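I have placed the structure first, in the form of structure tokens, so that the comments after it can refer back to it.
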Amino acid sequence: MPVTGTDIWYYYICHREVWLMKHQIAPDQEDESLDLGRFISEIYYRRNKKELSFGNIVIDRVRQEDGQLVVGEVKKSSRYMKSATMQLLYYLDYLRRMGIEARGELLFPEERKKEVVEWTEEARVELERAVKEIQRILRMPVPPKPKKIQFCATRLLIIQN
């Protein structure tokens with residue numbers, strides 16, 4: 001199974017969620033927080049909506065600035081900054097492997113915040129490690145046990161019911 005940017009995002013929050021998503025046990029698509037995230041992306045960036053989808057990545061925003069490609073990832077909040085940063089770095093890495101140089105921006109419209117994300121060699125090393133670990137998790141016959149964090153615990157309750 002190819003690793004996606006969403007897998008990277010979930011990996012840095014809850015390893016169990018990575019396994020569940022890849023085994024077709026998806027979050028409730030009627031979940032209010034998913035709807036809110038979609039709504040925020042549409043409302044705040046309606047004018048600049050240029051989603052790019054190819055291969056196994058979907059980039060929320062793409063634009064040219066001073067001759068450089070800028071890719072943006074829209075998030076509801078900066079609560080999961082590490083996971084959002086690594087997801088965007090995954091997209092930058094994907095583009096680099098295709099011969100496309102770009103820089104990234106994390107966009108948090110509700111917080112009126114923007115974080116610039118630059119590709120580094122350290123990011124490449126960490127991404128390679130994360131991808132290998134995700135692939136290991138996906139080969140497990142059962143999902144990893146949930147961590148004692150709200151994100152994993154909530155999904156455990158949904159699945160058990």
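Across the stretch 112-129, rounded Karplus estimates of 3J(HN,Hα) from the backbone phi angles (6.51 cos²θ - 1.76 cosθ + 1.60, θ = phi - 60°) give 6, 10, 9, 10, 7, 10, 10, 6, 9, 5, 4, 5, 4, 5, 5, 5, 4, 5 Hz, Gly and Pro being marked x.
Karplus-based coupling profile of the stretch 82-97, in residue order and whole Hz: 4, 5, 5, 4, 5, 4, 5, 4, 4, 5, 4, 5, 4, 5, 4, 5, with θ = phi - 60° in 6.51 cos²θ - 1.76 cosθ + 1.60 and x standing for Gly or Pro. Subtracting the Cα-Cα distance of ASP66 and VAL142 from 0.36 nm times their residue separation leaves 22.5 nm of extension gain. Listed peptides 91-97, 62-68, 7-13 appear in the order 7-13, 91-97, 62-68 once ranked by packing, highest mean of other Cβ atoms within 10 Å at the front.
You can think of it this way: the chain between ARG79 and GLN135 has 17.6 nm of extra reach, that is 0.36 nm per residue less the Cα-Cα gap. When peptides 82-89, 102-109, 51-58, 131-138 are sorted by average Cβ neighbour count within 10 Å, with the highest value leading, the order is 82-89, 102-109, 131-138, 51-58. If R0 is 35 Å, the Cβ-Cβ spacing of THR120 and GLN24 corresponds to a FRET efficiency of close to 0.55.
We did not get these values from a lab; they are worked out from the coordinates using the rules stated. These numbers come from a predicted model, not from an experiment. For neighbour counting, all protein chains shown are included, and Cβ atoms are generated from backbone atoms with ideal geometry for every residue, glycine included.
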